[in-house]
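Here, each number is a calculation from the coordinates, and none is a lab measurement. Note that this is a predicted model, so its numbers are computed, not measured. No Cβ is skipped: glycine too gets one built from the backbone with ideal geometry, and neighbour counts run over all protein chains shown.
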Amino acid sequence: MTDLTINGVKHTHNGDAAMPLLWFIRDEVGMTGTKFGCGVAQCGACTVHLDGQPIRSCVTPVSVAAGKNITTIEGAAADKVGAAVQASWRKLDVVQCGYCQSGQIMSAVALLAKNKAPTDSDIDSAMSGNVCRCATYVRIRAAIHDAATALA
Amino acid sequence: MGILNRITGNDGKASNSTPLINVSRRSFLQGTGGLAIGVCLGPVACSSKDAGTAATVASNIPAFEPNAFIRIGADNSVTVIAKHLEMGQGAFTGLATLAAEELDADWSQVSVEAAPADVTKYKNNLLGGQGTGGSTAMADSHEPMRKAGATARAMLVNAAAAEWKVPAAEITVSKGTIRHAASKKEASFGQMADKAAKQPVPAEVVLKDPKDFTLIGTLTATRKDSAAKTNGTAKFTQDVKLDGMLVAVLAHAPHFGSTIKSFDDSKARAVAGVVDVIRVDAVPGVNRAAVAVLAKNTWVAKQGRDALVVEWEEAEAFKLSSAEIFKQFHELSAKPGLVAGTRGDTAAALKKPAKLIEASYEFPYLAHAAMEPLNCVIHYTGDSCQIWNGEQFQTFDQAAAAATLGLKPEQVSITQLYAGGSFGRRASSKSDFIVEAATLAKAAYAKGVKAPLKMVWTREDDMRGGYYRPAFVHAIKASLDKDGKLVGWQQRIVGQSIAKGTALEPYMVHEGVDHTSVEGASDTRYDIANLQVELHTIDYQLPVLWWRSVGHTHTAYAVETMIDELAHAAGKDPVEFRLALLEKQPRHLGVLELAAAKADWGKPLAPIAGMKRGRGIAVHESFNTFVAEVAEVSIDADGMLKVDRVVCAVDCGLAINPDVIKAQMEGGIGFGLAAILHSEITFDQGKVVQGNFGEYPMLRINEMPVIEVHLVASAERPTGVGEPGVPPIGPAVANAVFAATAKRIRKLPFGDQLSA
């Protein structure tokens, strides 16, 4: 039995503690904003925060997340930085197919939480683990700068 | 059903090989009238506020449905029914803009819902069936959607005139408010909806003069799917959860053409949570044989799948390796092929030229690799079937599922969800993954499994599942006269046909030539007096498919890099050389001149220490849209290439949503860059080598250039933008690399060829 706190709500997992967190969040809790893209931490679509740090939930066993605070895209707006990033994403119409964008936003929020004024190069470093097949990168970069300005 | 009509070129004249709008990727539509399913389902819907929820749909009580495309609720909501799939290209937003413009709705009251699968109402007139593809959404729907909006508006106005007893001509509508100034009366759409519903539908409506547009061409921050896609509520197939649903993960045959000899599922069944194991035989030439593990959740199903031991019968399997494939292609390219397009006397023009340039090009197989791996939710009940899918080809898929299940097409309903990318893959010419899902559902049902099933492909299943952009070899010979004028062009193209062996063959293959193999070459608008394009079609049992911009993905690269090569051989500037060959093509000239001017063509690039720098250009027409791109590159001493900046000019006729057009150019450039820099699917004795993003790298943010997009102002009919941004980027970059290094890259992807 594993106790997990997701967006401030407690959940209990009774199955295999080696199961990646992604599948607990999606299939057991039923929160589907966090996406399955590759299963091997190469695309970032499954990015969530574990005590504020961005992690790839597709390779993170449920056991590792026990007792920690998990934040998913569904909880992003509760945080000032998260809300600002989402607002900038909408303002610049970043999304296309949208499948990767929960992960993109969670990575961007983690970046802005520790770096209030990232350069393009900071953005490239922090965001290069998140693939967007629609290649919305020009706007992702612009939206992160826009959110930084809004938060300043 | 006549999928695919031949249509003439943008100038209305049939060129020597008639341009065809391809049934390619791009979206589709939807489904069913299906019963409100579950809590989180409902049709895909999105509003500007909190899109994508069942609540949005539920609140939209239909009070007034003037036609199949618009519903106005008593709550003042305006719902636009989208017949084209939203897979990222912005179709929902475009369709809503067209209808809302003529309706004079307030943009904030408009939401979009995917249409059900119903070809009588939602046929794509450019494809001939219900489906999305070939960058046709705006071209197909701009007039019908405007008429739908104008009809609704006229009925609202007539209702107000009757209610207020004033002449209809004195009534105005603006931002969702109906007004009669003299009597100071006003009403919202919602207040007038039930009365409008009783008005006769006008036979004719007058559309706005473009100078009166308030939404078309002006909106920004406008995407109707932005909110749902930034807060996690947008629903994709992968997100569907139905009561009692089981997840299926499959062990697929490693070779195309294999069958199942035997399997041992004892270890799979021992995994806690595994419910059943189902044999899924293949339809030859359509899908791969597989064994499916059904479980309560995806992880358990995958654990079970990984524990299966399957023995495959490989006697009939595809066993070629990439080197053998390309050897065959190159050998054939030395021989004459079927003539796909010809003018003048090419043989004579190549005989004793002042200069002869020869080159051959190699293009690999490519996977679509959309971010959402393929999947499908299916519920077969013996006498009906419901499907939930990011559905791009309703008419085909409905028929294919019905045939597999022994049902009539009308017994199969399809609910359309957002597609997490497609790039052509979900517009499967043989409905491969739908057939697989239906085969699985039928076999499971026969074993007593009555639950709905979610079939989930892993990334590796998706990447190794075939339906690739076919590999091609091009061999070109071109001649210049003594003045450096291009006078002769022979191009031999070798590869698999996308259409052959599919239901589309009668519409797309003529006298043995699949138009999608040669489009962009045989119909080139360059004024070359003597030109012959020939085709060799190779038949493999390896399934191939359209991939964002189809034939143009390789023809534009071969043609535009060769043109560049010829310009240099003639001692002419590459832009000047092209302008001279395109004198009679005003729209090509328009984008070429605009891109060159905005990129400061002719002005030296600012030097960067330790870097070789170069600028290259390419221009290409695809899907009746014209695009020119200028790429600026830097290459360091180790041969590391960086594309610094791309300047793009596009002419797609009337710009309905300029910001969406810009986004599609940006995305198309990034998508094309990934392919030319990194992507190839290779075979080792028939097995696909690449399985995940480690072996099939995606373009990442650190590789994305700065991009500027400029639109040519135009009143021509709108054409598509989902694909046309892709073709020019490869040759523009290759030409820039030549400018920087004097090296010609003729084999894709670039890989490490510059560091050699």
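Structural remarks
- Extension gain for the segment B:Lys267 to B:Lys408, taken as residue separation times 0.36 nm less the Cα-Cα distance, is 46.9 nm to one decimal.
- Working from label points 7 Å from Cα in the Cα-to-Cβ sense, the B:Lys208 to B:Ala359 distance is 4.7 nm.
- Partners for B:Lys442 among lysines (Cα-Cα distance below 27 Å; same-chain residues under 8 apart left out): B:Lys235, B:Lys241, B:Lys261, B:Lys267, B:Lys296, B:Lys302, B:Lys408, B:Lys430, B:Lys450, B:Lys454
- Whichever lysines have a C-alpha closer than 19 Å to that of A:Lys116, once near sequence neighbours (fewer than 8 apart) are set aside: A:Lys80
- Label point at B:Asp481 placed 7 Å out along Cα→Cβ; residues across the stretch B:530-574 whose backbone nitrogen lies under 13 Å: B:530
- Between helix A:137-151 and chain A: long-axis angle, C-alpha atoms, 0 to 90°, nearest 10: 90
- Under the span-like rule (Cα at least 24 Å along the axis, Kyte-Doolittle mean at least -0.5), DSSP H helices of chain B: B:137-164, B:552-569, B:658-677
- Per-residue ³J(HN,Hα) for the stretch B:378-386, Karplus 6.51 cos²θ - 1.76 cosθ + 1.60, θ = phi - 60°, Hz, x for Gly and Pro: 9, 10, 9, 10, x, 10, 7, 8, 10
- J(HN,Hα) series, the stretch B:124-133, from Karplus relation 6.51 cos²θ - 1.76 cosθ + 1.60, nearest Hz, glycine and proline x: 7, 5, 8, 9, x, x, 7, x, 10, x
- Helix axis angle, A:101-114 relative to chain A longest principal axis, alpha carbon, degrees: 80
- Judged by the ratio a/c of the largest to the smallest principal axis of the C-alpha gyration tensor, chain B counts as oblate, that ratio being 1.5 or greater while a/b is no larger than b/c.
- Gap separating the Cα centres of the stretch A:102-152 and the stretch B:132-177, nearest whole Å: 41
- Charge tally for B:Ala399 (other residues, Cβ to Cβ under 12 Å; Lys, Arg +1; Asp, Glu -1): 0.
- Remark: spin-label model distance A:Gln53-B:Arg279 equals 4.9 nm, labels positioned 7 Å along the Cα→Cβ axis.
- Electrostatic bookkeeping for B:Thr220 treats Lys and Arg as +1 and Asp and Glu as -1; over the other residues with beta carbon under 14 Å from its beta carbon, the sum is +3.
- Cα gyration tensor, the protein assembly as shown - rounded (a/c under 1.5), prolate or oblate: rounded
- Distance from the Cα centroid of the stretch B:244-277 to that of the stretch A:17-63 is 24 Å (rounded to whole angstrom).
- Put in order of Cβ neighbour count within 10 Å, fewest first, the listed residues B:Met455, B:Met155 become B:Met155, B:Met455.
- B:Ala347-A:Ser63 pseudo-label distance in nm [points 7 Å out on the Cα-to-Cβ vector]: 7.5
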